[in-house]
Every structure is written in structure tokens, then in C-alpha cells.
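Have a look at the structure below, then the notes.
Readers should treat all values here as calculations from the given coordinates under stated rules, not as data from a laboratory. Worth saying up front: this structure is predicted, and the values here are computed from it rather than measured. Neighbour counts are summed over all protein chains in view; Cβ atoms, including those assigned to glycine, are modelled from backbone coordinates with ideal geometry.
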Number of protein chains: 2
Amino acid sequence: MQITDIPRALAQAAQLLTEPADMAPYLRDWTGQHQGTALAVALPRSTGEVQALVKACLSEGIRIVPQGGNTSLAGGSVPGQDGPWIVLSLVRMNAVRRLDTAARTVTVEAGAVLQALQEQMYPHGLTFALTFGAKGSAMIGGCLSTNAGGSNVLRYGNARELCLSLEAVLPDGSVIDTGAGLRKDNTGYDLRHLLIGAEGTLGIITAATLRLHAIPKVRATAFLSVPDLAAALAVLNAVQDETAGAVEMFEYMPAHATELVMRHFPDLRCPLDAIPDCGILVEVASTSSQDAAAGEDGAPRLNVRVEAVLERLFEQELILDAALAQSDAQREAMISLREHVLESLMAEGRWQQYDISLPLAQVAAFLDHLQQVLPSGVRSHVIGHLGDGNLHLSLMPGAEDAIVLSERVYDLVLRLAGSFSAEHGIGRSKAALLAARKDPGTLAAMRAVKAALDPEGIMNPGAMLT
Amino acid sequence: MQITDIPRALAQAAQLLTEPADMAPYLRDWTGQHQGTALAVALPRSTGEVQALVKACLSEGIRIVPQGGNTSLAGGSVPGQDGPWIVLSLVRMNAVRRLDTAARTVTVEAGAVLQALQEQMYPHGLTFALTFGAKGSAMIGGCLSTNAGGSNVLRYGNARELCLSLEAVLPDGSVIDTGAGLRKDNTGYDLRHLLIGAEGTLGIITAATLRLHAIPKVRATAFLSVPDLAAALAVLNAVQDETAGAVEMFEYMPAHATELVMRHFPDLRCPLDAIPDCGILVEVASTSSQDAAAGEDGAPRLNVRVEAVLERLFEQELILDAALAQSDAQREAMISLREHVLESLMAEGRWQQYDISLPLAQVAAFLDHLQQVLPSGVRSHVIGHLGDGNLHLSLMPGAEDAIVLSERVYDLVLRLAGSFSAEHGIGRSKAALLAARKDPGTLAAMRAVKAALDPEGIMNPGAMLT
């Protein structure tokens, strides 16, 4: 494809990259599994330029994939291989338009990098609470378009819950603003929530007004042994009640996960005398200066509060054993154990990863049934954000066909009313799965909405909906 | 209209009321401002019957208005006066299908009355936190279809935030379930949020899985005098931080509101020596047994915590004076003052009421500018849920035309990026306002979505979209 094939309206709308070497990083996703082609990579600097690009593409029948940090795990952020495409990168739109420290909101452009935004908020005593591994590259527009989750969802919600309003360019080239960060606004259909999680198939998010939270002043972290998952949920509720819902982390660490990490990282120790069959890593974070102040024994009062509830739960036999971190070093050692699971897994070979969620009441049933549906010889490994019902399941198939294995896992997930994509979305990698597994009424409604808002099919076709 | 005009498929789908006397209460809204006509009132007992009704209406071109408690303030819950209609009342679908006390969720049918649901949850130590004046009649389906707010929104969110998933019948007769109460599910467009707040124009909500919360064990309530609204926001943030976001009430009570109530209810006293120009009623609710336990002076420890932060704010001159309730009687007296505002207003004559919201940073500017745009002789009165930016403005026009007055208020609200319907929705009463005031891009997108999901226009036409 020659640069002369670029329609003039497109070339005038924003700066374009057209050299293959310049475009290469925008055309391949970071898992390396998805690679597309494009006429150009457009680098707009303003919402007006995004609008001009959309109008030019609409009139020329050119497909658009909006792209942020390109850290998607589902292949939704790179173009397909058929038809003329542009990548519309938001990388140059990264300004903080307005910070309101009293209302605790920030209006920021879609290309702002998640971690950079967090760092800009820290001097004000505030943080944007969404956080996950790719935060150094992931951009706000992508976080919202994929409804990103991460490790704080239990307390602060997904990206969806942290967004008060959006500015977006719709496929017809109109610019909308869904409400300037209002807390309450009942004037029509909620286009904000329709665009969030739509993976760029219904329009391009150009800016958002986000909720900020005060930075916690003190944390209390414990590693628990509990009798079973039902007890774990009771423990979660009790700790939530005693701390007004301040639990940030509630991670399921079965014995095989703790053993795995200790095998690969011999310096890491289990904080309890015996490795628990059903281990829980729990962390509470408080914004209260009273909780941060030292109590009678010199420890922060938050520790005293958490210790009291753990003692009560021990008496109720909902906890078998517990270690409450008494220092930053102890806290880091506990968290380290959880954080080294993925690396330890990778050292054991190549796993098939599943990003699934279940109703909380079905997590135990899922784990029970899983053993029955797995062919013998398949190694399985599971950890999870238990408070969200979100499990990270890893399977290592033997001779068994990987596809057959996936079908069995998804059959079981759906039988228990779970989700086959809890956090990572659909993109191109699960579009066929969605088409096969989602109920026909929902699929028909999704396709009708897509056709209504994007009748020419220019917005990221092939992602999410096939 | 004769009963013989009822298509057979409709009559077979569910029990119908067709006698004018039986139908009357379903055809008129409780404000008395909206009155429609209908062939029949259908009383389905199951989702299957709702589905059969929708299919019958679709094939016969009959319009449907779904109805819950019929307590809407915007006329969206009664039929129009043109064309054949049925009222589809959810009143007989009020079962609790599943209560999960560990996950703290309940799956309940759309016809469950809000207060009845709350009372069913209390024995389990749980509550459905949405609450407002009409709770004794309002039903869950209507609460969700209108995204109801109320007095707890600051802490628990609107109906939208309290809903994990929906079962609904779409206009094509398909039944969908948006996710069985999953915390995390990124598998497609969020039809849940599209149906919530759609006022029955995109489908009929038949059941929902809702979040439950632990019942607070102790409350601390205070009446404050603060220098201005900026100080009020700083106070709100400080109290939130010290209580992990446990503020349930943060009500703006300007001097004219306090004076008005004391004039009409001479037994009610201002808790402070002098009536504050800028008064704030704040209430914190804690689920912690430690907060509920008595401290050294016999008062609950929550009071001690709140007192400490109020003292600090007093030293910072963010609070001028404060009264912290020391008994249930004192607490009730404070809350009584706020609760008698509406009744006191009504005693003064007929007011035009405005349900508006503003970005928090613009509330003060709105109140300043309001005086300038009001014609002389117009009495104005304002109170509000300050933490949400939600103001309840009442105006008593003199000779001035009421319509002109509304235009001026809405001009000002929109100039400050506010909302002309914070809580009550659009219905039939504000459909023309929405058509005139919403931006063209959003309106076009809303109309496209409506046409895509309801091409025959059978679902509550005339409500929301004209």
C-alpha cells in the first residue's frame, strides 16, 4: 500500500505514520498472537482531529481500530488483516484537562498512561485506584474501553465504576459528553456504560471524568488458614463489616500455589507454621489518621482493630490459624508470596490460562467439579480474587487436545452461571467463543445496537462481534 | 373499547383487567398529571407470561407500558392517550427467587415492593440500601427502570450501582439474563446498564440480582455550621476519610430552610445556638461492632471518632460550630428538622419544583447566579444532597410566566454543565425538554438504539423519547 493511497481528508485530519517500520509496533499486540495491517497510524492531538479522522474514514469506508497502550490480552487493540484500516492511536492526547481536588475528580484525555495519571495525583493526596500489571503502558481510554479490572476491584470496582462520564466520538462523527462528571443524571440512556467495555466497536473514547480516592494512610495485612471457601466468605464479610468495606485484597492461595512459589523461590516462606490447604491473603487499607495512629502497644490502631476481628473469627472456628504482619518487611513477604505465583507457574512450562468468574456461591462447586471434567494427566492450578469470584485457572494439557479442554472448562463455567471472560474482554481472541456461547437474545441485541450506531461497520469490526 | 377487541393471544397470555373501574388506578399516575387509556391491564405471574404478552403485543401492534408501584414523578409509568395500549403490571411477580447471605446478593422479581424487600432482608442482618419516600409502594423493577436515587446515594449509589444483573424481556420477545449476579463479566455490551434508567422503553425488567449491605450497628449524627460550600466539601472529604466512606447523609440546610421549618413546626429547634447560614446535617453509619461498643465516656466509639475529626476541622476553621447528637432523641430531632422541609414548603403555597444536579464545584456558582436570573418577586428555596451535587430547588413565581422561569433555570443549569433531571427521570413530563436540551449527537444515538431494539415502537412510546 502506497502513501498516495491515503485519502486526502485523512491525511489532513491528523499526523499519520505510514512507513512500515514506524507502524510496526502499532500493528502487533503484545501477546504476539495478533498482527494486522493498516494504511496508516493516525496520531491525533485533539478531539477535533479524532472527529475529522472518523468523518474521513466514514466517507472512504476505512476501518478504525482505536489504540491506547496496546496491552490488551484479547487482541482487540490491533487491526484485522482484511480491508483498509487505520490505527487511531490516542498516545498524543494525554492531558489532564481538569483536576478538582474538592470533588475528587479528574478529567483526563484517553491517551494518559494509567501509572502516570496516578503519579500526577499523588501530590494531592489522591489516587486513581484502578491498578494492574500493565499500568506503566495501559492508557485510560483502553482501560475504559475494556472495562479493566485488576487487583483493587473488590474495594474500588472495575474501570466502569470509577468513571463518572465520558467524552467520545461516535461512528457518525458526532462528539458526545455523557455528563461532565455529575454524580446524578437521569436524562436518557446511559451511553457511558454502553461505550465502556465496548472495545472500541461503538465509538472512540477521547476523555473521561474519573473518581479519585484518598491515598490510604495505613494498611493491615494477614495470611490466614481457613477451613474452606464458605468460611473464607464469612471471614471476608466480617472483616468488611469491621472496616467499613476497606478490604483491598482477598486472595485465594490454595496449598499447591504456596508450595509452587516456595519451590521456585526458596527464600520466600509461608507465614504460618503449616502451609494451609485453603490460604487467604487479606489486606485492609484505611484512610483514617486515627487508624494510622499508634495504639497502646505501638502498633497502628488499624492492626488492633483487625486483630480483634481475627480473634473473634478464630473463636468461631472460621479461622484455623492467622499471621498478621507486624512490620513492613513481614507485609512485603506475605504479598511477595502471592506476587510470585505467575512467575513460578511460567517456570514450570506452558499453561493454558483461563480468565473466568463465578457467582461467589459457586466457586467451591466449580473447583470440585473441575477435577471430574479434566482428563487424567492434565495439571491444573488455580488462584483467584476470591471476593470478586474471579479465578485465574491454569491448565497444562497432556496429549489431550487443548480445544477440547477449553470446551469442557467453558461448559462447566456456564453450567454454574459463570463468565468466560471476567476481566480481559473479548477482542479478536474470544469473538468466536462469544458468538458460540452467549445467549441468542443478548447476541441479537448486541448486533442490533452495533448496526444502529455503526451502520457502515467502520469501528473495530471483527473485535467482540463477528 | 370492548373486551372482544382484545386479541386472543393477549387474553391467553396472562390475566387481564378490562373493567374501567378495575383499570382506573393503573391508568393515572399518582401526581394526577398523567392519565392514559388502555385496552387492558395485564397481570402476568411469570417471565414466561411476560414474554407471551410481549409477543402478542408485537404481532398485534399494541403498545406496552410496564408498571411497578406507579410512583414515578415523571409520568413514565402510565400509558399515553393515542393508539392501543396495555399496562403490563409486574405486581404479581414479587418473589424472592434466591437469597445468598454469604455473597450478600438477592435475586428478586420486578414486582417486589422496595420496603417489603428490605423487611425480608432484616432478619439476616442485611438490607437493600436504596431508600426514598415512596418505598412502601415503589417496586424493584420501577426503581431500576428509573435508576431511582434517594437519601442514601452518597454511600451506596443509585439503583444502578446496587444492581449486579438483570433478567429482562426485550421488545422482540427474547428473554435475557445479563449475568447471574457476577461481580466481573466482560463478555459484551453492558445491556444491564442500558436497560437501567431506560424507563421501560427498551424492554421489561422481570427480575434482578441486587447487592445487599450489612445493617449498620451504630450511627453518629451532627448538625454543623460551616463558612461556605467549599468548606462543606472539605468537611465531607475529611469525615469520609476518617470513616472509610461511611457517610450516609450530607444535607445542605441553608438558614432559610431551617427558619422555614421552625416557623411551621415550633417544637423543632435548631441544635445550634444560632441558625447557621450554611448548615449541614451529616450522618455516619458504621457496621463495626467495635465502633458500636462504648468508649471510656460511655458513648459509642464511633462518636469519639467523629468528634475527633470535627474538633480538628473546627481548629482548621472549616467548621464554625457543631452539635453531635448524644442520644437517639437528639439524633431524631436533627433529622426531623430536615424531614419537615417539604411539608413546611407545601404549607406556604404552590411551588415549582426542580430536580437538578451540578458538578460539585459548581453548586456555589449556581446559587450565586440563580439570584441574578430570577425575576424580582420570585421566592426561591433550595436544599440538597450536597455530596451528590443534587439540589431540590423550589420557586414560587409571581406574575412571571412559569415556563419562562423554567427556561431560565435550565439555561443556568446547562451553562454550568448540570443535569435537568438528577433523580426523577424523563417520562412523559420531560420528554420535550430532553428533545430540546440534550445534545444532538446523544439524542441521535439514543434514537438509533431505540429503533434498533424496538423497531415497532411498542415499548412505552412517548416516554423519554418523543
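In terms of the Cα gyration tensor, with a ≥ b ≥ c the square roots of its eigenvalues, is region B:373-443 rounded because a/c is under 1.5, prolate because a/b exceeds b/c, or oblate?
Oblate.
Put a point 7 Å out from Cα along the line to Cβ at residue A:60; what are the distances to that point in the other copies, in nm, shortest first?
Label-point distances to the other copies, shortest first: 5.4 nm.
In debye, nearest 20, what is the charge dipole magnitude of region B:337-455 about its Cα centre with +1 on Lys and Arg Cβ and -1 on Asp and Glu Cβ, if you could check?
Rounded to the nearest 20 debye, it is 340 debye.
Taking a ≥ b ≥ c as the square roots of the eigenvalues of the Cα gyration tensor of region A:266-336, is the shape rounded (a/c under 1.5), prolate (a/b larger than b/c) or oblate?
oblate
What distance in nm lies between label points placed 7 Å from Cα along the C-beta direction at residue A:120 and residue A:294?
Roughly 3.9 nm, to one decimal.
Nearest 0.05, what FRET efficiency do residue B:92 and residue A:24 give at R0 = 60 Å with Cβ-Cβ as r?
Given R0 = 60 Å and the Cβ-Cβ separation, E is 0.45.
Please list 3J(HN,Hα) in residue order for region B:168-174, calculated via the Karplus relation 6.51 cos²θ - 1.76 cosθ + 1.60 where θ = phi - 60°; whole Hz, with x for glycine and proline.
Once θ is set to phi - 60°, the couplings for region B:168-174 become 8, 9, 7, x, 8, x, 7 Hz.
Rg and Dmax of region B:130-257 over Cα atoms: what are they, in angstrom?
When restricted to Cα atoms, region B:130-257 yields Rg and Dmax of 18.1, 57 Å.
Rg and Dmax of region A:229-313, Cα atoms, in Å?
14.8, 41
Would you mind calculating the relative contact order of chain B from Cα pairs under 8 angstrom and at least 6 residues apart, reporting the percent as a whole number?
15 percent
Give the calculated FRET efficiency between residue B:304 and residue A:215 to the nearest 0.05, with a Förster radius of 25 Å applied to their Cβ-Cβ distance.
The formula returns an efficiency of 0.55 here.
Based on alpha-carbon centroids, what's the gap between region B:262-333 and region B:190-245 in Å, whole number please?
20 Å
Taking the 0 to 90 degree range and rounding to the nearest ten, how far is the long axis of helix A:255-264 tilted relative to the main principal axis of chain A, both from C-alpha atoms?
80 degrees
On a 0 to 90° scale, report how tilted helix A:47-60 is relative to the longest principal axis of chain A, with both axes built from alpha carbons and the result rounded to the nearest 10.
So the helix axis and the longest Cα principal axis differ by about 60 degrees.
For region B:48-118, restrict the atom set to alpha-carbon positions and state the Rg and Dmax in Å.
When restricted to the Cα atoms of region B:48-118, Rg and Dmax are 15.0, 49 Å.
Å³ per residue of the Cα convex hull, for region B:273-411? Before the final figure, lay out each step's value.
Numbers: hull volume 20.9 nm³, N = 139.
Per residue, the Cα convex hull of region B:273-411 comes to 151 Å³.
Suppose every Lys and Arg Cβ carries +1 and every Asp and Glu Cβ carries -1, with no other charges. What dipole size does chain B come out with about its Cα centre, to the nearest 20 debye?
Here the size comes out at about 1320 debye.
Suppose R0 equals 25 Å; then what is the FRET efficiency for residue A:46 and residue A:137 from their Cβ-Cβ distance, rounded to the nearest 0.05?
0.65
Could you compute how fast region A:1-76 diffuses translationally, taking Rh as the Kirkwood radius over C-alpha pairs and applying Stokes-Einstein at 20 °C with viscosity 1.002 mPa s? Give it in µm² per second.
In µm²/s, the coefficient rounds to 164.
Tell me the volume per residue, in Å³, of the convex hull enclosing the alpha carbons of the protein assembly as shown. Each step should come with its number before you reach the end.
Working: hull volume 162.3 nm³, N = 932.
Once divided by residue count, the hull of the protein assembly as shown is 174 Å³.
Quick one: which of A:440-449, B:326-335 comes out on top by average Cβ neighbours within 10 Å, and what's the full order, highest first?
Answer by packing, highest mean first, reads A:440-449, B:326-335.
Greater than 19 Å separation of Cα atoms is the criterion. Which listed pairs, B:430/B:450; A:184/B:438; A:55/B:450, meet it?
From the list (B:430/B:450; A:184/B:438; A:55/B:450), the Cα-Cα distance tops 19 Å for A:55/B:450.
Please grab the % of Cα pairs in chain A that end up more than 40 Å from each other.
25 percent
Considering only the label points, 7 Å along Cα→Cβ from Cα, what distances in nm to one decimal separate residue B:379 from the same position in each other copy, shortest first?
Here residue B:379 shows inter-copy label distances of 7.9 nm.
Place the label 7 angstrom along Cα→C-beta at residue A:368 and in each other copy, then list the distances from the first to the rest in nm, shortest first.
Distances to the matching label points in the other copies: 6.5 nm.
Would you be so kind as to identify which of B:298, B:346, B:314 lies farthest towards the positive end of the dipole of region B:280-410, taking Lys and Arg as +1 and Asp and Glu as -1 on Cβ and the Cα centre as origin?
Checking the options against the dipole of region B:280-410, the answer is B:346.
Mind checking the dipole of region A:12-112: about its Cα centre, +1 per Lys or Arg Cβ, -1 per Asp or Glu Cβ, Debye to the nearest 20?
340 debye
Quick check on packing: order A:217-230, B:311-324 by the mean number of other C-beta atoms within 10 Å, highest mean leading.
Working: A:217-230: 21.3, B:311-324: 16.0.
My ranking of the peptides, most packed first, is A:217-230, B:311-324.
Pairing the Cα long axis of helix B:402-415 with the longest principal axis of chain B, what angle in degrees results, from 0 to 90 and rounded to the nearest 10?
Taking Cα atoms only, the helix is inclined about 70 degrees.
Using a 7 Å offset from the Cα along the Cα-to-Cβ direction at both residue A:346 and residue B:101, what is the distance between the two label points in nm, to one decimal?
Label at residue A:346, label at residue B:101, 4.5 nm between them.
Specify which residue in the list A:240, A:257, A:223 is farthest towards the positive end of the charge dipole of region A:219-293, using unit charges on the beta carbon of Lys, Arg (+1) and Asp, Glu (-1), about the Cα centre.
Going by the Cα projections, it comes out as A:257.
Ordered by packing density, taken as the mean number of other Cβ atoms within 10 Å over each peptide's residues, highest first, how do A:430-436, B:85-91 rank?
Listed from highest to lowest mean packing, they are B:85-91, A:430-436.
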